[in-house]
Every structure is written in structure tokens, then in C-alpha cells.
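Here's the structure we're looking at; comments come further down.
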């Protein structure tokens, strides 16, 4: 008999179960954004400009690796949710074990490779010579923590696939507090500079991994794995990779697209660049509720897919879409009404504030669009068709970047918002007909296939 079944989305009130899942996830992601801001502020206040720039030079490579890992785990979460919804405990364990084995090997290989080629890699990204040593130090130390990040991300993903978004939140808060405390100790107190900042991060990541493992094993029997659960089975591996690679590629495409848009932002004057930077930071907060609700909808559909409850999955999708739109409209009203005051939280420079407010005066009107695109993508994530998610994201990035090269030189920071709007428009135009096709062709949704018939081999 199962000891812990938190927020089983295959039964009970649909809206309540989605909100129970979404609220801790929103808090976790906002907390992470706040932590990132505090972390940057500590490094900025207690080291010199050269050190700050060195960290900034290494960060894109670290972020790219992190996004790859997160993308792989997000793809695998669909299978975990399906197996969990089907009450197939053995397959949940097999999927968790497979992810730990395969993704950890991937993380180790990538980390070691980047450590070896860190110098040439940074030079290839046009890092200034005076920043090279500091950036290399920060990059190499940070790569040590990637294996920790991989394992605790797998655990967090598995817990969330079972409807438990609260436990990862609590562990994440503890991790962030440890990291901030160590930042003050190593950077502000011991004056260890870049080395101290990187060391604080990997210690916090290691503590997070250990805490997550102990909690998961004690509280949730799905994590009490046998040695055989870590063996890679061909059928399950192929299916997991089909989901995970598409999800990881989506993350890479998003990252590359943002980098290309930034090349056009870099042609503007410094105040406009800063205004755009602060404006997009506010975007990060504004878009989180919609993203988190989209994740809740995907998990809801996947769990009910596994339970073969097509009608419930369909109702859940509609309710989730309404909740996403409601959140987007509410946030749009807040941003448009209080944008002048909101930007003052991030900068006291009047010119920076002016351009950030200009940017938000356009973005505030179009937050409903990512609510729509996230809603559509959550359907395809939930049914396991991550190829459509990847392709729609690629379409969005192609048109966004193309528009950025036209609109930013013409309209400056407003042009960046126009280019974002353009990308979202074409993304919806691509996704919507496919959604309608699937919806009509599969009146019970394509969830009736047997997703739990992979043979379990007990070695």
C-alpha cells in the first residue's frame, strides 16, 4: 500500500489540485529569481568590476549546460507522470533509475569536457583577455556542481510529476539560504572573490542534492530503488530520449534566440540597454505564473493519460487554460498600472527607469499571448508530443529574432517588445491548427494508447 500520494491529480477537484500544484511552484521559481538577484548583488558589492564581468562571461556557458539538464529532466517527467497516474510504481522507479544513470553520465561527460577546454571555449566566445583567468576559474569550479544539480533536478522533477511541488520548494529555500549565507562568508567576509562565489554555489548544490535524496527516500517509496532499477532498458531508454532530447533542444533554441536578440540590444545606448535588462527581469517575474500553470496542466494531463481518464484530462486542460488567461490578465493590469513604481525597485537611475517603463508599456498589453502559447504547449507536453513543442518554440524564435533585426534599429526598446509579440503571433499561428487537429481527431485525446506496457526486466 502506498504511504504517500500527495495531490493525486487523477481524482478530486480539478481546479483545486492544479492550484495546489501551481502555487508552491510559482513561489519556488520567484524565490530562485530573488536568490539570483541577491547573489549578483553580493558579488557586485564585495568584489571589483573585473570579477563581476568575469562571472558574467562564464555564466552563459553554465546556463546552457543547466538548461540542457533541466530540459532532459522535463522531458522525462511526462513519462513519470503517466506511470504515476497509472499507479505503476515499478515503472516510476525504473524511470527514475534510468534518469539518474543516463543523465548523470551525460552531466559528468559534459562537465569534464568543459573543464578541459574551458580556456579555448571562453576565447571562442570573445571573452576579453583581462577577464579570461577569472572566468576560467569560475567556470571550472561551477562545473563540479553540475552533477549535484543533475541529481537533485531529477528528484525535484519526479516529485513534481507525482503532484508534489511543495517539497522541492522547501528544499530549494533551504538551499538558497545556504548559498546566500556562504556568499556572505566567502565573498564578503573571507574576501575569496570569484573562487568563493563559485565554491558557495557548489556547496549549496551538494547540500541540496543530499537533502533531496534523504527526504525522497524517507518520505516516498517510489525513490527506494533497487540496483536493477538503475540498469538501462532499451525500450524505456528510447522512449525517454524521444521526450527528453526534444525538451532539451527546446531549451537550447530559446537560449540561442535570446542571445541573438541581445546582439541587437547591444547596438543601443547604455541607458536603453540597461532599461531593456531591467524590463526583462520584470518579465521573468510576470511570466512565471503562466509558466507554472502550464506545467501543472501538463502534469495533470499526463497523470490522467496514464490513468486513461480522457474526459477528466480534457476538462482539466480547459480549466487550466482559463486559469492561465486569468493570471495573465491580472498581471497585465498590475504591470501597466504600476510599471513606473515597479522599475524603481530594480534601479534608481531615472534614464534606466524611463526605458524600462517604455518597454513594459508594450509588454504589459501582450502577456495574454504567452499565457495562450504556454497553454497550448502544455497540451502537447501532457500527451507526450514534445516534437510539436520544440517546433513551435523554434518557429517563435525564428520570427522573434528576424523581427528584432528589423524593429530594434527602428523603435529601440519598444522594438524588442514588438519582436517578442511577432514571435508569439507566429507561434500561435503554428500551434493552433495542430491543436485543433489533435482535438478533433482524438475526441478522447491521444491518451488511450497503452503507455505502461514496457516490459519490466528484473535483473
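Below, the figures for the structure above:
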read-out	value
Tally, over the stretch 182-212, of residues that are touching a helix residue (DSSP H, G or I) at 6+ places or on another chain (Cβ under 8 Å) and under 27 Å from residue 160 (Cα atoms)	12
Residue in the stretch 28-36 that is out of contact with any strand residue (DSSP E or B) (no Cβ under 8 Å at 6 or more places or on another chain), over 30 Å from residue 331 (Cα atoms), crowded, with 21+ Cβ neighbours inside 10 Å and in contact (Cβ under 8 Å) with a residue 12 or more places away in the chain present	no
Any hit, the stretch 313-328, residues being assigned to a helix (DSSP H, G or I), closer than 13 Å to residue 283 by Cα and in the same structural domain as residue 418 (by TED's automatic domain parsing)	yes
Filter result (buried (at least 17 other Cβ atoms within 10 Å of the Cβ) and more than 13 Å from residue 420 (Cβ to Cβ)) within the stretch 350-367	352, 353, 355, 356, 357, 358, 361
Residue 245 under 30 Å from residue 90 (Cβ atoms), part of a helix (DSSP H, G or I), without any contact (Cβ under 8 Å) to a residue 12 or more places away in the chain and not assigned by TED's automatic domain parsing to the domain that holds residue 376	no
Residue in the stretch 109-116 that is more than 20 Å from residue 67 (Cβ to Cβ) and without any contact (Cβ under 8 Å) to a residue 60 or more places away in the chain present	yes
Within the stretch 134-233, helices (runs of 4 or more DSSP H) holding 1 or more residues that are at pLDDT below 90, assigned by TED's automatic domain parsing to the domain that holds residue 99 and at positive phi	193-219
Conditions (1) assigned to a helix (DSSP H, G or I); (2) closer than 30 Å to residue 50 by Cα: number failed by residue 126	(1)
Filter result for residue 121 (surrounded by 17 or more Cβ atoms within 10 Å (Cβ to Cβ), touching a residue at least 24 places away in the same chain (Cβ under 8 Å) and under 19 Å from residue 67 (Cβ atoms))	yes
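To keep it simple, each residue is scored yes or no on (1) surrounded by fewer than 16 Cβ atoms within 10 Å (Cβ to Cβ); (2) out of contact with any helix residue (DSSP H, G or I) (no Cβ under 9 Å at 6 or more places or on another chain); (3) modelled with pLDDT under 90.
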position: 388; (1), (2), (3): no, no, no
position: 392; (1), (2), (3): no, no, no
position: 396; (1), (2), (3): no, no, no
position: 406; (1), (2), (3): yes, no, no
position: 427; (1), (2), (3): no, no, no
position: 439; (1), (2), (3): yes, no, yes
position: 459; (1), (2), (3): yes, no, yes
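The values are calculated or read from the model by the stated rules, or taken from the named source; none is laboratory data. Quick caveat, the model's predicted, so the values are computed rather than measured. Cβ: placed from backbone, ideal geometry, glycine included. Neighbour counts: every protein chain shown.
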